[in-house]
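S.K.: To start, I am sharing the structure in question, which I have written as C-alpha cells.
The values are calculated or read from the model by the stated rules, or taken from the named source; none is laboratory data. Owing to the predicted nature of the structure, the values given are computational and were not obtained by experimental measurement. Reconstructed Cβ throughout: ideal geometry from the backbone, glycine too, with neighbour counts over all protein chains shown. Keep in mind that these areas ignore ligands, DNA and RNA; they rest on the heavy atoms of the full protein, side chains included. Shrake-Rupley method; radii C 1.70, N 1.55, O 1.52, S 1.80 Å.
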Amino acid sequence: MASSPSLLFAAAITALTLLSAHSVKLPFHPRDVLPLLPRQISWPILNSLHSAVDLLPTFVGSASSPNHIVEWKGACFYQNTAWMEFHNKTGSEFGGGTLHLKVSKAHSWTCMDIYVFATPYTVTWDYYFLSREHTLEFKEWQGKDEFEYVKNRGVSIFLMQAGMLGTLEALWDVFPLFTNTGWGENSNIGFLEKHMGASFDQRPQPWVTNISIDDIHSGDFLAISKIRGRWGGFETLEKWVSGAYAGHSAVCLKDSEGKLWVGESGHENEKGEDIIAVLPWDEWWEFELNKDDSNPHIALLPLHPDIRAKFNETAAWEYARSMEGQPYGYHNMIFSWIDTIEDNYPPPLDAHLVASVMTVWNRIQPAYAANMWNEALNKRLGTQNLSFPDILVEVEKSGSSFDQLLTIPEQDDWVYSDGKSTSCVAFILEMYKEAGLFDPIAGSIQVTEFTIKDAYMLNFFENNSSRLPKWCNDGDTVKLPFCQIKGKYRMELPLYNTMEPYPHMNERCPSLPPKYSRPRIC
C-alpha cells in the first residue's frame with residue numbers, strides 16, 4: 001500500500017528530530033513545523049511535548065551589575081549572558097538602568113526564546129529570535145528601594161522553557177482545567193495522572209451510597225475531590241504542589257438531639273463569598289448530590305473508637321460556633337504547603353517565581369494580594385502594613401531572604417484584620433485540637449501548617465474494616481479502608497491513617513512530585 005503524504009511528512013519530521021538530537025543544525029526545528037501537519041498527527045505529538053506546567057517560567061538568574069554576568073542555556077539559544085548597566089538618562093534622583101542580553105548558538109533558524117523580567121516593583125517581558133546583543137530599558141527606578149534592591153539583588157530573569165509554540169500549547173492545556181465540561185474533567189484527570197501518578201479506576205454503580213446517618217459521628221472527616229469547573233482546576237493545581245489526593249474537606253458534628261451537621265470552611269454564601277458555615281447534613285448532602293457541578297468525589301473517614309471517645313463534642317461545637325460566618329482562610333493557605341527553601345516547589349516553580357507572581361498580582365489586584373499573602377508575610381517579618389514590594393526590600397535589609405521568609409511556620413493564634421484565618425483543613429484540625437485529639441502535645445502543634453494530605457495521614461481514623469458501617473463501599477469489589485460515598489472513580493489516599501502526631505509536625509516537610517517523599521519526622 002502506498003504511503004500517504006501525511007505519513008511521509010511525519011516520517012521526515014522523525015528523521016529531522018533524530019538529526020537535531022545529534023547536534024546537526026537545521027534551518028528549522030521539527031517542533032516548529034508540527035502545526036503544519038494534519039491535526040490528527042500533530043496534536044498527539046504536541047500534547048506529548050508540552051503540558052500546563054510549561055506555562056511556568058524557569059528562573060535562570062539575576063543581573064545586578066556589569067561585574068556580575070549571568071550565564072545560562074535557553075530553549076532556543078544555547079549560549080546566553082546578561083548584565084545590568086546603571087545610568088541616569090532622565091536626570092531623576094536614582095536614575096534607571098539597561099539590561100543587556102547577548103543570545104547566541106540557536107538550535108534552529110526559526111526558534112525564539114521568551115523571557116519575563118521582574119523586580120519587586122516591575123514585571124515585563126520580551127522575546128528574542130536574532131543572535132545578537134539585545135537591551136531592555138528601565139527608564140527610572142521607582143524610588144530608592146527599587147534602586148537598592150536591583151543594585152544588591154538584581155533583575156530576576158525567567159525563561160519560558162517551552163518557547164512560543166510550547167507556551168501557546170500549554171495555554172491550550174491549562175484552559176480546560178477550569179472549564180465545567182467533560183473536556184475539562186478529562187483534562188484534570190489527565191494532568192493528575194501525568195504529574196502525580198494518580199489513578200482513576202471506575203467504580204461499579206451506584207456511584208452514590210445509601211447512607212444511614214446513624215452511623216456517622218461527631219469528628220468524622222469528609223475528604224472531597226473536585227475534578228471539573230473552576231474549583232476542579234484550582235484543586236488540581238493544589239494537589240500537584242502539595243501531594244494531597246483530595247482538594248477540599250469538611251467535618252461532621254452531631255448536636256445534643258442527635259441531628260447531624262457539617263462544618264465547612266469554604267462554603268459559598270448568597271453573596272458569593274467563601275465563609276465558614278455549619279449546615280444541616282441534609283442541606284449539605286443535597287447540594288453535593290444535585291447542585292455541585294464540580295463532580296465532587298467524597299469519602300467519609302470515620303474516627304477510630306478510641307479517638308472518638310476523646311472527642312469533646314462541647315468544645316468542638318463552641319469552636320465551630322465561634323468561627324461560623326468568618327471568611328475562608330486565604331491568608332495562610334499557601335503557607336501550609338511551603339515548608340522548605342527548595343523542596344516544596346515542583347519544577348520549574350521556585351521562590352523567585354512565587355515572588356514574581358505575587359508582584360504581578362500586587363499590581364493587578366492589590367486588595368487580593370493583601371488578603372492572600374501580605375498580612376501573613378508581615379507577621380513573619382514582624383512588621384505591619386508593608387506592601388509586597390516593601391516586604392521584599394525589608395526582608396533583604398534584615399539579612400534574610402524571601403525564600404526563608406516563606407518557610408516560617410504559621411501560628412494558630414495569629415489574628416488577621418478579619419479574624420483568625422483557617423483553610424478548610426485547618427478549620428477541622430483546629431476543632432480537633434480544641435476537642436482534645438492532639439493532647440498532650442496540642443501546644444506544640446500548629447494545624448495551619450497541615451495540608452489535606454497531612455490530615456488524612458493522621459492515625460485518628462478507623463483501622464478495623466469490620467467496624468466500618470455496613471453500607472461502606474457497598475457494591476464495590478475493592479474494599480477501601482474508608483467509606484467512599486460519592487463518585488464515579490475510586491478515591492485513593494496514599495499513607496492514609498499512618499502517622500502519629502508529634503511536636504512541630506509538618507513544619508519542615510518536603511513535598512516534591514511524583515513521589516512526595518518526606519522524612520518520618522519533619
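S.K.: Length gain on complete extension for the stretch ASN463 to THR98, per 0.36 nm per residue less the alpha carbon to alpha carbon distance?
M.R.: This chain segment gains 125.1 nm when fully extended.
S.K.: Taking a 1.4 Å probe, which of LYS379, LYS254 shows the most accessible area, and what order do the others take after it?
M.R.: Largest to smallest exposure gives the sequence LYS379, LYS254.
S.K.: When Lys and Arg each count +1 and Asp and Glu each count -1, what net charge do the other residues less than 15 Å away from GLU137, Cβ to Cβ, add up to?
M.R.: -3
S.K.: Net charge near THR448, counting Lys/Arg +1 and Asp/Glu -1 over other residues with Cβ under 13 Å of its Cβ?
M.R.: Net charge around THR448: -4.
S.K.: Go through ASP350, ASP476, ASP439 and list them by solvent-accessible area, largest first, probe radius 1.4 Å.
M.R.: The most accessible residue leads, giving ASP439, ASP350, ASP476.
S.K.: Considering only the other residues whose Cβ falls under 9 Å of the Cβ of THR90, what net charge follows from Lys and Arg at +1 and Asp and Glu at -1?
M.R.: With Lys, Arg at +1 and Asp, Glu at -1, the neighbours total +1.
S.K.: Note the full-extension length gain between GLU85 and THR135 as 0.36 nm times their separation in residues minus their Cα-Cα distance, in nm to one decimal.
M.R.: Separation in residues times 0.36 nm, less the Cα-Cα distance, equals 17.0 nm.
S.K.: If you count, for each residue, the other Cβ atoms within 10 Å and average over each peptide, how do 317-329, 149-161, 205-217 line up from highest to lowest?
M.R.: 149-161, 317-329, 205-217
S.K.: Run the simple label-point estimate for ASP126 and ASP306 please: 7 Å along Cα→C-beta, distance reported in nm.
M.R.: Modelled inter-label distance: 6.5 nm.
S.K.: Also, quick follow-up: Tell me, what ³J(HN,Hα) does each residue in the range 263-279 have, in order and in whole Hz, if you take phi through Karplus 6.51 cos²θ - 1.76 cosθ + 1.60 with θ = phi - 60° and put x for Gly and Pro?
M.R.: My calculation for the range 263-279 gives x, 8, 9, x, 6, 8, 8, 5, 8, x, 8, 8, 10, 8, 9, 10, 10 Hz in order.
S.K.: A follow-up question, please. Would you mind checking which residues have amide H under 5 Å from LEU512's amide H? H placed 1.01 Å from N; only 5 or more apart, or other chain.
M.R.: SER517
S.K.: Okay, next question. Quick one: how many Å² of ASP201 are accessible to a 1.4 Å probe, rounded to 10?
M.R.: Counting only protein heavy atoms, ASP201 exposes about 80 Å² to solvent.
S.K.: Counting other C-beta atoms within 10 Å, and keeping those with at most 10, which DSSP coil trypsin sites (Lys or Arg not before Pro) do you find in the range 287-317?
M.R.: LYS291
S.K.: In addition: Quick check for you: which residues of the range 484-521 have the amide N under 20 Å from the point 7 Å beyond the Cα of PHE234 toward its beta carbon?
M.R.: None, by backbone N distance to the label point.
S.K.: How many angstrom lie between the Cα centre of the range 386-408 and the Cα centre of the range 190-263?
M.R.: One Cα centre to the other: 36 Å.
S.K.: Please list 3J(HN,Hα) in residue order for the range 221-226, calculated via the Karplus relation 6.51 cos²θ - 1.76 cosθ + 1.60 where θ = phi - 60°; whole Hz, with x for glycine and proline.
M.R.: 9, 10, 9, 10, 10, 9
S.K.: For the range 418-521, which chymotrypsin sites (Phe, Trp or Tyr not before Pro) are in a loop by DSSP, counting at most 14 other Cβ atoms within 10 Å?
M.R.: Here the chymotrypsin sites (Phe, Trp or Tyr not before Pro) that fit, given the DSSP loop and packing criteria, are TRP471.
S.K.: Which residues' amide hydrogens lie under 5 Å from the amide hydrogen of TRP261, considering only partners 5 or more residues apart or on another chain, with H built in the peptide plane?
M.R.: Those lying under 5 Å, H to H, from TRP261 are LEU253, LYS254, ASP255, TRP281.
S.K.: Quick query: amide H of SER65 versus all other amide H atoms, modeled in the peptide plane; which residues come in under 5 Å with a sequence gap of 5 or more or a different chain?
M.R.: MET84
S.K.: Another question, if that's okay. Decide, for the range 53-167, between rounded, prolate and oblate: order the square roots of the alpha carbon gyration tensor eigenvalues as a ≥ b ≥ c, take rounded if a/c falls under 1.5, and otherwise choose prolate if a/b is larger than b/c, else oblate.
M.R.: Prolate, since a/c reaches 1.5 and a/b exceeds b/c.
S.K.: Let me ask you something else. Sorted by mean Cβ packing within 10 Å, highest first, what order do the peptides 137-144, 124-131 take?
M.R.: My ranking of the peptides, most packed first, is 137-144, 124-131.
S.K.: What distance in nm lies between label points placed 7 Å from Cα along the C-beta direction at LEU495 and TRP183?
M.R.: 3.7 nm
S.K.: Further question: Just want to confirm a number: the relative contact order over the range 385-490, from Cα pairs under 8 angstrom separated by 6+ residues, in percent.
M.R.: It comes to 17 percent, rounded to a whole number.
S.K.: Please calculate the 1.4 Å probe accessible area of LEU468, with all protein chains present, and give it to the nearest 10 Å².
M.R.: That residue has around 20 Å² of solvent-accessible surface.
S.K.: Same structure, new question: Counting alpha carbon pairs within less than 8 Å and at least 6 residues apart, what relative contact order, in whole percent, applies to the range 53-167?
M.R.: 35 percent
S.K.: Dipole of the range 53-167, Cα-centred, from +1 at each Lys and Arg C-beta and -1 at each Asp and Glu C-beta, to the nearest 20 debye?
M.R.: So the magnitude is around 260 debye.
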